[in-house]
Amino acid sequence: MLKKILTVDDSRTMREMLRHCLAGAGFEVVTAEDGKDGIEKLRETQPDVVITDINMPVMDGFEFIENVRQLNEYSRVPILVLTTESAPEKKQRAQSAGATGWIVKPFDPEKLTKAVNRVMP
Amino acid sequence: MSLEDIKETFFAECADQMSDLETGLHEIQSSGPDLDTVNSIFRAVHSIKGGAGAFGYNSLVSFAHVFENALDIIRNDLSQVNEQRMDLLLRSVDVLSDIIDTSREGTDAADFSGLAGELETAFGMSPGAEEEEEEDALADFAPVMIDLGAIDVADAPAGRTFKVGFTPHASLYLKGHDPVRFFRELADIGTVTAKCDAGDLPSLSELSPDESYLKWELEVVTERLQEEIEAVFEWAEGECVLSVEEMGGPGDDGGDGVDLDDFLNLLGDEPQAEENAVVDIDDFGQDNIVQELGSADLAGEQAPAPEGDDPKAEKREIKKPSPTIRVESDKVDRLINLMGELVINQAMLAERFGQAGFGSAAPTVLALNELQNLTREIQSSVMAIRAQPVKPVFMRMSRVVREVCAATGKKALLTLEGESTEVDTTVIEGLSDPLTHMIRNAVDHGIEDAETRLAAGKPANGTVKLSAYHSSGRIVIEIEDDGAGINRDRVLQKAIDKGIVSPDAKMSNEDIDNLIFAAGFSTAETITDVSGRGVGMDVVRQSIQALGGRVNISSRPGEGSLFSMSLPLTLAVLDGMIVKEAGQTLVLPVSSVLETSTLKPGDVYTIGRNSRVVKLRNTLVPIIDVGQQLGFSECRSDYSKGTILVVEGGKDGLGAFLVDSIEGQQQVVIKSLESNYQRVPSIAAATILGNGQIALILDVDHIVNNQSNEPGAGLIRSIAG
């Protein structure tokens, strides 16, 4: 069975980009448009790894991660944060919200799959 | 989906984000900054930057970066907004939009360093510090990323030996980490021997699944640098105690260690530990107890709550808009087309039922009525799919105002009202150009310069109000400025100079105001030339008429002018006036018909050889014999009979269409001739009437403009016949 990845990003371009890269690397990809949508999709699809953007409307990445970590059945799912914001405090904040790791945009498919494989159960 | 497709998506999304950006800045300008708005514009620029980075549009990235930083300052402190900064941000929107265009076309972006520098100065961002921070960030990140690429070379030959001590905190597990993944990663850069210290492990009854009891000591034999080993644990920073030291040489220890392969196999044999939270300690030897507490699925009550419950979560939920889907417009067009067929078919059915002699209360007719209601409802629902708020077009106008202000040195602000009013997309597309020119004119000719305004007791900043509302099945768009109003003396003088009116003409104020719409009043002839100012209002009026609309002006000297346009809500259906002429059934848009009347012998005057005019109240209107014009019939012998429809259209304004009779008024579905046959002069489109008959819809503008031209008579006859 294909490993499943949930990507959460409000930008259509990014969602398609992620899908393109990850599907090409042999993953099954589910997309969500913001944190709230992400929580719903998480329950529906039970992904192996989650990749999320930080800056999103409705529910941002930090809040999304915090919420996921509070859900019993998914509290331990690896979550990678996708960010252009390279400021260290952003990473720290993501980490303290419960992120497993981060990927800095722009990314190439290789970099992305490497990062995913690093945390893939 | 290919990368090219994604690129298309990116530019489509850029367009959306640019409009969000305009909207947001406009909101801040009119009602002051609030955090939600600032966040949303920040996100827009941020997303553009992110996508641009993915495709390597470097100019776009670097300008978006500066722009984003400026917005970040506002985001962190709303009181940082001031007029000068707002002005810069608005200009940045224009520049950003230009860079997006050039990126898309693959041409060189204009130099934006000037504005970028202004932004940096105005927002107190020091470019140097910024770069430094970037470098820091890079130094911070680069190792991981570079390593990821370089790690490929597995099984490095024996080199230096590092001793790695790894003691995870409980928090490491809570973040979805699993020690084994770090070890696996290490195994990619060298030979790893691992030893687990389970000395702190309590008895099973005391064991808390949320605690971390295990420590590892690893030996890594590798040729890589110490930093690379540390980089493997980057994501565990702060979640563990990590020590990395170099030891004397390879293989001087490790006798009681566990080979990583064995270690991994061991884990492989026990994958269910993750699910069960049952740790079977007995399966492991005393010295090498390995437990997979990391991702054990733990009883939920114990899941630690992250610090600070965010009350915003509740509040934001309410704001979620209803979900939307994106559909290719072709699909919607097809649906609308089919809907048109259905309406026609339904009308035909009704007519047949009538002919068959069913009584109006017959069950069959009642069922048909039901169908009719449903059809109508479906029709309006289908039309609603393609309806869009006028907002995007309205938002574009703020740029127009800024540009004209910059070019003329005037100060004016655009205020919007009713921008969520919806109208069919086809109408919106046609609206942009005439609106642009009217707004341009309003600022250029309407608003006075600051000194004149102050002298007249008005605020220095002029206001142009753009508003939209629905009124009796049409959309009305108004452009109101608080400028000087139309200078009637000057307009009249100019019209006389250009020979549009005779010097001794008696004209009401309204007539004079309307002179600006007269052909030849302004010199420029084409509306496509957006960059050139002073495009004639006659061209503007013509393009509004082409949309089935009308434009009016009212002006008060010293107080301003109001241009009001009334447009149909859709271009797919039309309220048609059905007329008979020379045995043909023809349709005229009701919107262009001003009045109808029956010809009386005394009203018709012959001018020259073939031209006739009709006297209506005190105006003479040229008679256009529709049948002759289209080649259906020869010249009429008797002009004392027939019905005239006074229409408004074309450059010259009025025409009296002469037809045999008026049949009635009916909503008709427009069928393009161009896409099904070819373009026919004087004919706008065709339709199918309720009785199944095909009728041509007249292009009123064209007929009024070309009344003396010889039409392609045979052509029309062959289609209509």
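The values are calculated or read from the model by the stated rules, or taken from the named source; none is laboratory data. These numbers were taken from a predicted model, which means no experiment stands behind them. Glycine gets a Cβ as well: all are built from the backbone with ideal geometry, and neighbour counts include every protein chain shown. Please note that ligands, DNA and RNA were not included when accessible areas were found on the heavy atoms of the full protein model with its side chains. Shrake-Rupley method; radii C 1.70, N 1.55, O 1.52, S 1.80 Å.
Counting Lys and Arg as +1 and Asp and Glu as -1 over every other residue whose Cβ lies under 12 Å from the Cβ of B:Ile644, the net charge comes to -1. Can you pick out the pairs among A:Lys91/B:Lys175; B:Lys498/B:Lys600; A:Lys111/B:Lys195; B:Lys49/B:Lys465; A:Lys111/B:Lys49 whose Cα atoms lie more than 24 Å from each other? Beyond 24 Å: B:Lys498/B:Lys600; A:Lys111/B:Lys195; B:Lys49/B:Lys465. With a 10 Å cut-off around each Cβ of A:101-108, the average count of Cβ atoms from other chains is 5.
Summed over both chains, the accessible area lost when A and B associate is about 5000 Å², using a 1.4 Å probe. How much net charge surrounds B:Gly446 when only the other residues with a Cβ under 9 Å from the Cβ of B:Gly446 are counted, with Lys and Arg +1 and Asp and Glu -1? Value of the local net charge: -4.
Around the amide H of B:Asn706, modelled in the peptide plane, lies no amide H under 5 Å away from a residue 5 or more places distant or on another chain. Short version: which residues of the stretch A:1-40 lose at least 40 Å² of accessible area, all chains versus chain alone, 1.4 Å probe? SASA drop of 40 Å² or more in the stretch A:1-40: A:Arg12, A:Thr13, A:Met14, A:Glu16, A:Met17, A:His20, A:Lys36.
Given a Förster distance of 35 angstrom, what is the FRET efficiency for B:Ser243 paired with A:Glu73, based on the Cβ-Cβ distance and rounded to 0.05? Before the final figure, lay out the partial values.
On the way: r = 35 Å, r/R0 = 1.00.
After rounding, the FRET efficiency stands at 0.50.
Extension gain for B:Thr596 to B:Asp449 (0.36 nm times residue separation, less C-alpha to C-alpha distance): 48.3 nm.
Quick one: grab the alpha carbon gyration tensor of the stretch B:573-720, order the square roots of its eigenvalues as a ≥ b ≥ c, and give me rounded if a/c is under 1.5, else prolate or oblate depending on whether a/b is larger than b/c. Prolate is the answer for the stretch B:573-720, as a/c is 1.5 or above and a/b outweighs b/c. Would you work out the relative contact order for the stretch B:329-388, in percent, from Cα pairs under 8 angstrom that are 6 or more residues apart? Relative contact order here is 52 percent. Placing R0 at 35 angstrom, the Cβ-Cβ distance between B:Leu225 and B:Asp98 gives a FRET efficiency of 0.15 after rounding to 0.05.
log10 I(q)/I(0), Debye, Cα-only the stretch B:329-388, no solvent, q = 0.25 Å⁻¹? One equal scatterer on each Cα of the stretch B:329-388 leads to -0.96.
In this view, the solvent-accessible surface of B:Met537, computed with a 1.4 Å probe and all protein chains in place, comes to about 20 Å².
So how much slack lies between B:Asn76 and B:Tyr605, counting 0.36 nm per residue of separation and subtracting their Cα-Cα distance, in nm? Each step should come with its number before you reach the end.
Values: separation 529, 0.36 × 529 = 190.44 nm, distance 7.60 nm.
So the chain would gain 182.8 nm between B:Asn76 and B:Tyr605.
Per-residue surface analysis assigns A:Asp48 an accessible area of about 40 Å², computed on protein heavy atoms at 1.4 Å probe radius. Peptide B:43-51 has a mean of 6 when you count, residue by residue, the C-beta atoms of other protein chains within 10 Å of its C-beta. Look at the stretch B:181-188: the mean tally of other chain Cβ atoms within 10 Å of its residues' Cβ atoms is 2. Applying 1/(1 + (r/R0)^6) with R0 = 51 Å to the Cβ-Cβ distance of B:Lys498 and A:Ala23 gives a FRET efficiency near 0.20.
The slack between B:Glu8 and B:Ser661, meaning 0.36 nm per residue of separation minus the straight C-alpha distance, is 229.8 nm.
Shape of chain A from its Cα gyration tensor (a ≥ b ≥ c, root eigenvalues): rounded if a/c is under 1.5, otherwise prolate when a/b > b/c, or oblate? The shape class here is rounded.
Computed from label points 7 Å out along Cα-Cβ, the spacing between B:Gln372 and B:Glu559 is 4.7 nm. Summarising the amide proton neighbourhood of B:Thr421: residues at separation of 5 or more, or on other chains, whose placed amide H is nearer than 5 Å comprise B:Val390. Probe radius 1.4 Å, ligands and nucleic acids ignored: give me the carbon and sulfur share of the accessible area of chain A as a rounded percent. Summing carbon and sulfur atoms, their accessible area is 46 percent of the total for chain A. When the accessible area of the stretch B:390-568 is split by element with a 1.4 Å probe, what percent falls to carbon and sulfur? Percent of accessible area from carbon and sulfur atoms in the stretch B:390-568: 50.
Proximity of backbone amide H atoms, modeled 1.01 Å from N, is registered between A:Ile51 and A:Leu6, A:Thr7, A:Val8, A:Leu80 at under 5 Å, excluding neighbours fewer than 5 places apart on the same chain. Solvent exposure of the stretch B:573-720, expressed per residue, is 47 Å² of accessible area, with all protein chains present and a 1.4 angstrom probe. For the stretch B:198-243, the list of GluC sites (Glu not before Pro) that fall in a loop by DSSP and count at most 13 other C-beta atoms within 10 angstrom reads B:Glu223, B:Glu237.
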